[in-house]
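Novice: The structure's right below; bear with me while I get my questions together.
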Amino acid sequence: MFCSKCGNEIQNGEKFCSKCGSPIEGETAPLAQNQQGVATAEKKDYKKIILLVTILVCVLLIAILAISKITHKADNKVDGNEGDTLSTDTEEKETKKKKDNGFKSIEAVMDAVFTAAYNNDVEAVVACFPKEMESHAIQIYNDFRGQNYSTENNFFNFINLNPNNEYQYEIQEVVNLDTNPDLRQPMCTVTKQTLQDDYGLIADEVDQVSVASTGRYYQAETNGYVTDGSKVFMLVAKIGDYWYLVQCNDAWNSEWCVE
């Protein structure tokens, strides 16, 4: 073996050239190779750690988003507990109980209203109003919940109907108030003019609907079931090609409700 610098012959086991003092390359190469292997191993370990941290962060973010979504749904849910109010967020939600364009007939409006009432479904009743009036409907519901009673908001007493009773309704009479203004009942106050002035709605027709609402309930005094009814006047309006509820009134007997 000879020195790469001066060509001097190197004896076995020597680490430096005896003539020029240069290090023998064959002796140092294994050290450099070993150091490179250590560096490569360390780099691989760092990559594993970074990948693991990234996965953990992604899992944590997904969990936070899922919890947030569940909490949001719970906050927006409306139930019948005392003191609950209906959020005006209802105005922005599309309801499954009604198409966006309203109802094709007066009968369809009444069926939607009373079916929702018998099922204690506040949001479905609110959805029977034109979108421009939904905030008004929500307000009268909240007034009822706050015990600020009126003939109009007493309709929302359906939230207290006893689910063990049997209920049904029947349309008795429909009156066009444009052609029969003298038949307007005192509690029916919505007109074409108020719809335009208060809500910017142009109604082609406003009708007064007389409805018989009937309930069959258990009466403790007689130890049997009793059937009786009440008469209610509702107002509907035709706006464009569709019909909407524009005013509701008290339709329930106190005996039908849970005390």
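The values are calculated or read from the model by the stated rules, or taken from the named source; none is laboratory data. Since we're looking at a predicted model, the values are computed, not measured. All Cβ positions, glycine included, derive from the backbone under ideal geometry; neighbour counts span all protein chains shown.
Novice: So for segment 170-179 (the condition being more than 20 Å from I239 (Cβ to Cβ), not in a strand (DSSP E or B) and not charged (D, E, K, R)), does at least one residue qualify?
Specialist: Within segment 170-179 (the criterion being more than 20 Å from I239 (Cβ to Cβ), not in a strand (DSSP E or B) and not charged (D, E, K, R)), the answer is no, since none of the residues qualifies.
Novice: Exactly one of these conditions fails for Y149: (1) of a type outside the set (A, V, I, L, M, F, W, C); (2) within 32 Å of the chain's Cα centre (by Cα); (3) surrounded by 15 or more Cβ atoms within 10 Å (Cβ to Cβ). Give me its number.
Specialist: Going through (1) of a type outside the set (A, V, I, L, M, F, W, C); (2) within 32 Å of the chain's Cα centre (by Cα); (3) surrounded by 15 or more Cβ atoms within 10 Å (Cβ to Cβ) one by one, Y149 breaks only (3).
Novice: Out of everything in segment 117-136 that is more than 18 Å from the chain's Cα centre (by Cα) and in a helix (DSSP H, G or I), what residue ends up being surrounded by the fewest Cβ atoms within 10 Å (Cβ to Cβ)? Spell out how you get there, then give the answer.
Specialist: Residues of segment 117-136 more than 18 Å from the chain's Cα centre (by Cα): 117-119, 129-130, 132-133, 136.
Next, from what is left, pick out any that are in a helix (DSSP H, G or I): 117-118, 132-133, 136.
Numbers: A117: 25, Y118: 18, E132: 15, M133: 22, H136: 18.
Applying the filter and picking the extreme gives E132.
Yes or no, residue by residue, for (1) in contact (Cβ under 8 Å) with a residue 60 or more places away in the chain; (2) closer than 24 Å to F144 by Cβ; (3) surrounded by 12 or more Cβ atoms within 10 Å (Cβ to Cβ); (4) among the acidic types (D, E):
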residue	(1), (2), (3), (4)
N164	no, yes, no, no
Q168	no, yes, yes, no
I202	no, no, no, no
D207	yes, no, yes, yes
V226	no, no, yes, no
G229	no, yes, yes, no
D241	yes, no, no, yes
L245	yes, yes, yes, no
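Novice: Scan segment 226-240 and give yes if some residue there is in a loop (DSSP other than H, G, I, E, B) and over 32 Å from the mean Cα position of the chain (by Cα), otherwise no. Walk me through how you get there before you give the answer.
Specialist: If we filter segment 226-240 for residues that are in a loop (DSSP other than H, G, I, E, B), which is where we start, we get 240.
Now narrow it down to the ones that are over 32 Å from the mean Cα position of the chain (by Cα): none.
No, that holds for no residue.
Novice: Test Y141 against the stated conditions and say whether it is modelled with pLDDT under 90, crowded, with 17+ Cβ neighbours inside 10 Å and either in contact with a helix residue (DSSP H, G or I) (Cβ under 8 Å, 6 or more places away or on another chain) or hydroxyl-bearing (S, T, Y) (or both). Show your work before the answer.
Specialist: Values: modelled with pLDDT under 90: no; crowded, with 17+ Cβ neighbours inside 10 Å: yes; either in contact with a helix residue (DSSP H, G or I) (Cβ under 8 Å, 6 or more places away or on another chain) or hydroxyl-bearing (S, T, Y) (or both): yes.
Judged against the criteria, Y141 is not a match.
Novice: Let me ask another. Every residue in segment 144-153 that is closer than 14 Å to N249 by Cβ and either at pLDDT below 85 or out of contact with any Cys (no Cβ under 9 Å at 6 or more places or on another chain) (or both), please. Even if it seems obvious, please write down each step before you answer.
Specialist: First, the residues of segment 144-153 that are closer than 14 Å to N249 by Cβ: 144, 149-153.
Those that are closer than 14 Å to N249 by Cβ and either at pLDDT below 85 or out of contact with any Cys (no Cβ under 9 Å at 6 or more places or on another chain) (or both): F144, Y149, S150, T151, N153.
Novice: Among the numbered criteria (1) among the β-branched types (V, I, T); (2) touching a Phe, Trp or Tyr at 6+ places or on another chain (Cβ under 6 Å); (3) modelled with pLDDT under 95, which single criterion is violated by V236?
Specialist: For V236, the failing item is (3).
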